[in-house]
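A.B. asks: First the structure, then my questions, so here it is.
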Amino acid sequence: AQTVTQSQPEMSVQEAETVTLSCTYDTSESNYYLFWYKQPPSRQMILVIRQEAYKQQNATENRFSVNFQKAAKSFSLKISDSQLGDTAMYFCAFMNFPQEYGNKLVFGAGTILRVKS
Amino acid sequence: DAGVTQSPTHLIKTRGQQVTLRCSPISGHKSVSWYQQVLGQGPQFIFQYYEKEERGRGNFPDRFSARQFPNYSSELNVNALLLGDSALYLCASSLGQGSTEAFFGQGTRLTVV
């Protein structure tokens, strides 16, 4: 069974600075996907960024980028130029290579990120 | 297009009662998954349905059941509620067909007293 570990329960960062959230995972599969989701106080889970395991290039989405280390089974999220609206719970998640009908997500316990002005 | 909608948004039930939660996926999405998120933890997979058939089940007791209707909407039922069932229940829809992107609703907050 796959597991996802987020070792930082809480993080804080000053507005406009950079912060990195850590995630490690365990799997015996070679093809899979990794995700970072953001859950603000509104509760809606929002996809931040996605990484395909067979792609060596790290994914980027505007101010968000990942450092994917497949051999180390590490998948960290870097947020640059932090904004107050980035304050949320961040979840790292794993998905096996999807079947025809989609596939389930395995989530970590989450990291609360607080951006301070 | 409307996103994933869940109802009700909040619910308070007494131990031993039964509850039904509802989810309408994004139009065109055929796969619906349910997750339980206990306060302070990450979501845990409960069920996945695709084309009205159960395609996956997490480690939850038989008190939990679900179904998917011809219009792809879904219901999650929980019988004999326990205090430990208090959680945010999230529904996610996806196209299926190998899609990796799941779209989440805002969840139903269930409180068992």
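A.B. asks: Where both partners of a DSSP beta bridge lie in chain A, what percent of those bridges are antiparallel, to the nearest 5? Show your work: numbers first, answer last.
C.D. replies: Working: 35 of 40 bridges.
Restricted to chain A, the bridges split so that about 90 percent are antiparallel.
A.B. asks: Past the 18 angstrom mark, what percentage of all C-alpha to C-alpha distances in segment A:3-116 do you count? Could you put the intermediate results ahead of the total?
C.D. replies: Numbers: 2997 of 6441 pairs.
Cα-Cα pairs in segment A:3-116 separated by more than 18 Å: 47 percent.
A.B. asks: Among B:Phe60, B:Phe103, B:Phe69, A:Phe35, which comes first, then next, by fewest other beta-carbon atoms within 10 Å?
C.D. replies: Fewest to most other Cβ atoms nearby, the residues stand as B:Phe69, B:Phe60, B:Phe103, A:Phe35.
A.B. asks: Also, quick follow-up: Magnitude of the Cβ-charge dipole of segment B:5-112, K/R +1 and D/E -1, about the Cα centre, nearest 20 debye? Could you put the intermediate results ahead of the total?
C.D. replies: Working: 10 positive and 7 negative charges, 45 e Å.
Dipole magnitude for segment B:5-112 comes out near 220 debye.
A.B. asks: While we're here: For chain A, with only Lys/Arg (+1) and Asp/Glu (-1) charged at the beta-carbon, what is the dipole magnitude about the Cα centre, in debye rounded to 20?
C.D. replies: Working: 11 positive and 10 negative charges, 12 e Å.
Its charge dipole is roughly 60 debye.
A.B. asks: Give the order of B:Val32, B:Val113 when sorted by the count of other beta carbons within 10 angstrom, beginning with the fewest.
C.D. replies: Working: B:Val32 32, B:Val113 10.
Ascending Cβ contact count within 10 Å gives the list B:Val113, B:Val32.
A.B. asks: Please work out the C-alpha center-to-center distance from segment B:1-71 to segment A:18-45 and express it in whole Å.
C.D. replies: Between the Cα centres of segment B:1-71 and segment A:18-45 lies a distance of 21 Å.
A.B. asks: Over all residues in A:90-102, what is the mean tally of Cβ atoms on other chains that come within 10 Å of each residue's Cβ? Walk me through the intermediate numbers first.
C.D. replies: Numbers: counts 0, 4, 1, 3, 0, 3, 0, 2, 8, 8, 8, 16, 21.
Taking all residues of A:90-102 together, the mean is 6.
A.B. asks: If packing is taken as the mean number of other Cβ atoms within 10 Å per residue, what is the order of A:24-33, A:99-108, A:59-68, B:81-90, highest first?
C.D. replies: On the way: A:24-33: 14.1, A:99-108: 22.7, A:59-68: 15.9, B:81-90: 17.6.
Top of the packing list down: A:99-108, B:81-90, A:59-68, A:24-33.
A.B. asks: Let me ask another. Sort A:Lys55, B:Lys30 so that the residue with the fewest other Cβ atoms within 10 Å of its own Cβ comes first and the one with the most comes last.
C.D. replies: Details: A:Lys55 10, B:Lys30 19.
Fewest-to-most Cβ neighbours within 10 Å comes out as A:Lys55, B:Lys30.
A.B. asks: So what is log10(I(q)/I(0)) for chain B at q = 0.11, 0.14, 0.21 1/Å, when the Debye sum runs over its Cα atoms only?
C.D. replies: -0.31, -0.50, -1.12
A.B. asks: One quarter of the convex hull surface, Cα atoms only: what value does that give for the protein assembly as shown in nm²? All intermediate terms of the calculation are to be shown ahead of the outcome.
C.D. replies: Numbers: hull surface 50.4 nm².
Orientation-averaged projected area of the Cα hull: 12.6 nm².
Values quoted throughout were computed directly from the atomic coordinates according to the rules given, and no laboratory measurement underlies them. Everything numeric in this text was worked out from a predicted model, so none of it was measured. All Cβ positions, even for glycine, are placed from backbone atoms using ideal geometry, and neighbour counts span all protein chains on display.
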